[in-house]
Amino acid sequence: MPRRPDQDTFDAVDAFVESTLFAMPDPALEAAQADADAAGLPQIQVTPPQSRLLEILIRAIGAQRILEFGTLAGYSTIAMARCLPEEGLLTTLEFDPAHAEVAWTNIERAGVADLVDLRVGAALETLPLLASEGCGPFDFVFIDADKVNTPAYFAWALDRTRPGGMIFADNVVRGGGIADPDGSEDEVAQRTFHEYLAEEPRVSATTIQTVAAKGYDGFTLSVVL
Ligand code: SAH
Ligand code: DHB
Ligand code: MG
């Protein structure tokens, strides 16, 4: 047993978990990832164990309305959408049209296209349109787009998430950067996010550090009171 776990250890543990809990073939997600890699998209999607956590939370609260910031190739989108009932809807926001195109092919092949509304554009520009359409209320929100806007996305989503609903903000720890007051703009935004949460009585929130094949990071999970 290593006493000083490092990235090799994190990789080995994720490989072990994937070889046991994820031994069953998952053609939809495997094909989605293969297409994403073939198209040269950044490999920053949630890992299989992380996507399973999203699925577990969504099933646990019986979510029917989901909002996602940051589609990329649709890996997390597919994982979440397939937990929805027939009448469910996942709205996912993606800035990059090339990402959205790969994602839509993946979403259709996975058989969840009827459950997914993919909007292309900068999320902050799409949100007023969603509001004017009377979107929500949402049961589950996954914030995983441009990290500097996490606080803004959270504030918008909170007004439209039902009590008992959850908001999951990914990549808040950023290799420990959140602990550095002189960190990058993305890192300082996670500090701002936490200072905002400290003053927000409508949620109960916690931040969990994670290690994984994709490195050291973490997420903030909030439940709406
Ligand atoms: N949720 C995905 C990963 C998302 S990666 C998964 O786990 O499978 C982050 C994505 O956010 C990228 O595709 C990037 O193009 C997108 N993005 C960046 N800025 C954005 C913005 N302003 N609005 C919407 N999406 C944005
Ligand atoms: C980045 C984005 C992600 O969604 C992620 O999980 C890891 C890294 C990034 O933009 O660096
Ligand atoms: Mg992420």
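The values are calculated or read from the model by the stated rules, or taken from the named source; none is laboratory data. If you're wondering where the values come from, they're calculated on a predicted model, not measured in any experiment. Backbone-built Cβ (ideal geometry, glycine too); neighbour counts: all protein chains shown. Note: accessible area is taken over every heavy atom of the protein model, side chains too, but ligands, DNA and RNA are not part of it. Shrake-Rupley method; radii C 1.70, N 1.55, O 1.52, S 1.80 Å.
Which condition breaks for residue 153 when tested against (1) open to solvent by 30 Å² or more (accessible area, probe 1.4 Å); (2) farther than 29 Å from residue 9 by Cα; (3) not in a strand (DSSP E or B)?
Exception for residue 153: condition (1).
Got a sec? Which of 220, 161, 207, 192 is farther than 27 Å from residue 62 by Cα and touching a residue at least 24 places away in the same chain (Cβ under 8 Å)?
Result of the check over 220, 161, 207, 192: 192.
Quick one: residue 30 ticks every box in (1) open to solvent by 70 Å² or more (accessible area, probe 1.4 Å); (2) more than 25 Å from residue 107 (Cβ to Cβ); (3) of a type in the set (Asp, Glu) bar one, so which box is it?
Tallying (1) open to solvent by 70 Å² or more (accessible area, probe 1.4 Å); (2) more than 25 Å from residue 107 (Cβ to Cβ); (3) of a type in the set (Asp, Glu), residue 30 fails exactly one: (2).
Any residue at all in segment 170-187 that's part of a strand (DSSP E or B) and under 14 Å from the mean Cα position of the chain (by Cα)?
Yes - at least one qualifying residue is present in segment 170-187.
Within segment 95-115, track down each residue that is touching an Asp or Glu at 6+ places or on another chain (Cβ under 9 Å) and either on the phi > 0 side of the Ramachandran plot or not aromatic (Phe, Trp, Tyr) (or both).
The answer is 100, 102, 103, 105, 106, 109, 114, 115.
Counting only residues that are open to solvent by 50 Å² or more (accessible area, probe 1.4 Å) and touching a strand residue (DSSP E or B) at 6+ places or on another chain (Cβ under 8 Å), which one in segment 53-95 is farthest from ligand 3 (Cβ to nearest atom)?
Among them, the one singled out is 64.
Before we move on, is residue 210 surrounded by 13 or more Cβ atoms within 10 Å (Cβ to Cβ), in contact with a His (Cβ under 8 Å, 6 or more places away or on another chain) and not in a helix (DSSP H, G or I)?
So residue 210 does not fit the description; no.
Taking the criterion of being more than 16 Å from ligand 2 (Cβ to nearest atom), over 15 Å from the mean Cα position of the chain (by Cα) and touching a residue at least 60 places away in the same chain (Cβ under 8 Å), would at least one residue in segment 83-90 satisfy it?
no
Given the criterion part of a helix (DSSP H, G or I), modelled with pLDDT of 95 or more and hydrophobic (A, V, I, L, M, F, W, C), identify the matching residue among 107, 44, 66.
After ruling out the rest, the residue left standing is 107.
Taking the criterion of being open to solvent by 10 Å² or more (accessible area, probe 1.4 Å) and in contact (Cβ under 8 Å) with a residue 40 or more places away in the chain, would at least one residue in segment 14-23 satisfy it?
Checked segment 14-23: at least one residue is open to solvent by 10 Å² or more (accessible area, probe 1.4 Å) and in contact (Cβ under 8 Å) with a residue 40 or more places away in the chain.
Filtering segment 99-124 down to residues that are farther than 19 Å from residue 149 by Cβ and within 16 Å of ligand 2 (Cβ to nearest atom), which residue is least open to solvent (accessible area, probe 1.4 Å)?
Ranking the candidates gives 103 first.
Considering only segment 172-188, state which residues are out of contact with any Lys or Arg (no Cβ under 6 Å at 6 or more places or on another chain) and not β-branched (Val, Ile, Thr).
Passing the criteria: 174, 175, 176, 177, 179, 180, 181, 182, 183, 184, 185.
Tell me which residues, restricted to segment 15-35, are out of contact with any Phe, Trp or Tyr (no Cβ under 7 Å at 6 or more places or on another chain) and within 24 Å of residue 100 (Cα to Cα).
Listed by number, the residues that qualify are 26, 27, 28, 30, 31, 34, 35.
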